[in-house]
Structures are given as structure tokens and as C-alpha cells.
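S.K.: There's a structure below that I have some questions on.
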Amino acid sequence: MEAIRKIVDKVLEFICIAFVGIMTGLVSWQVITRYFFKAPSAISEQLSKYMFIWLVLLASAYVFGKREHMSILFIKEKFTGSISMVVDMIIELIVMAFALGILVFGGYKNVLLTMAQQDSALPITIGVIYAMLPICGVLITFYSLCNIVSIAKGFSDREVPKAE
């Protein structure tokens, strides 16, 4: 599972870096066409907006996978040892339920509802734009599973006192 996680991490890193580079080019082109040629490019504006949204969603999944996201440690810090690990697992299960319920299931329903709706500037449907919601939900669910396996492994690796 760790090998797959590393591959997913590398792919997300590459996509996020590519999105930032492409968005920089698109926004620069937008500024040039607007101020120098007095003919703003609607396509570059729309595409950069959508890419920014996709970037935020993908980067949030990536940061969650790295466990570098903001978190409220208020509850977790109240416990130590085995109970802390159980609380960690419960938190991961709650995150997974959110990702599956809202992002994957809700996002998929939203994609289906908007698949026939055409974007005003780009030759794609709105459903394609919204498809990033279930994709990120699947990524967050994958990372939650990896985290749960990691927590469980740490739980099983702990030394259990032997009965004498």
C-alpha cells in the first residue's frame, strides 16, 4: 500500500505543479491580451478559474495524505497511548465518511446532473468540471485507508505486556 501511496503522491505533485505553471501562463496571457491588445481572452480566464479550483481540490487531497493539513488537536491531545490511536482511527473514519458521502456520492450525482450543461466559454460540459469532486473524494478515501492501516500497524507493533 505504501508503494501505491508514493506513486499517487508523485502523480499529484506533478499535476499540481503543472497546474500552477499552466495557470501562470494563462493569467499572463490574459493580462497581455486585456491591456495591450484590448481584446481579453475569455477562454484563458475560464480555464484558469477551473484549474485553480481543481488545484485546490487536488492539493487538499495531497496535503491530507501527507497529514500536513490543519487539524484541531483539542480532543486528540486529551488522550494517550492506545486510546489516542483509537481516537485517531475514529477521526480517519469520520473523514472517510465525509469523503465518500459528500465528495464521491454527492459529487457523482452533481456530475450526472450537469453533464448536459455546456460551459459558456470552453467546449466542455459543466459535468467535466465537477468531476474533480468525486476524484478528490476517492483520493481522500484512499489516503484515509492508508492512514488507518498505518495507525493499526502502530497499534499492533506496540509491546503487549506478557502474562507471567
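S.K.: Using only the Cα atoms of the chain, build the gyration tensor, take square roots of its eigenvalues as a ≥ b ≥ c, and label the shape rounded, prolate or oblate: rounded if a/c is under 1.5, else prolate if a/b is larger than b/c, else oblate.
M.R.: In terms of gyration-tensor shape, prolate.
S.K.: Note down the magnitude of the dipole of the chain about its Cα centre, charges +1 on Lys and Arg C-beta and -1 on Asp and Glu C-beta and zero elsewhere, to the nearest 20 debye.
M.R.: Computed charge dipole of the chain: roughly 300 debye.
S.K.: With the cut-off at 1.5 for a/c, could you classify region 1-83 from its C-alpha gyration tensor as rounded, prolate or oblate?
M.R.: prolate
S.K.: Using just the helices of the chain, give the 222 nm mean residue ellipticity in deg cm²/dmol: DSSP H runs with n ≥ 4 each add -39,500 (n - 2.57), and the total is spread over all residues, rounded to 500.
M.R.: So the helix-based figure for the chain works out to -24000 deg cm²/dmol.
S.K.: Let me ask another. Just to be sure I follow the definition: excluding the sites themselves, where is the longest run in the chain that has none of the trypsin sites (Lys or Arg not before Pro) in a DSSP loop with at most 14 other Cβ atoms within 10 Å?
M.R.: Value returned for the longest uninterrupted segment is 68-157.
S.K.: Could the peptides 93-103, 17-27 be put in order, highest first, of the mean number of other beta-carbon atoms found within 10 Å of their residues? It would help to have the intermediate numbers written out before the result.
M.R.: Details: 93-103: 15.9, 17-27: 14.2.
Put in order of decreasing packing, that is 93-103, 17-27.
S.K.: Filter the chain for me: DSSP H helices, axial length by Cα at least 24 angstrom, mean Kyte-Doolittle hydropathy not below 1.6. List them by residue number.
M.R.: Result, helices passing both filters: 81-98.
S.K.: Pairs Lys6/Lys109; Lys66/Lys153; Lys10/Lys49; Lys76/Lys153; Lys6/Lys153; Lys76/Lys109: which exceed 28 Å Cα-Cα?
M.R.: In this structure, Lys6/Lys109; Lys76/Lys109 lie more than 28 Å apart at Cα.
Each value in this text was obtained by applying a stated rule to the coordinates, not by laboratory testing. Computed from a predicted structure; not experimentally measured. Neighbour counts run over all protein chains shown; Cβ positions are idealised from the backbone, glycine included.
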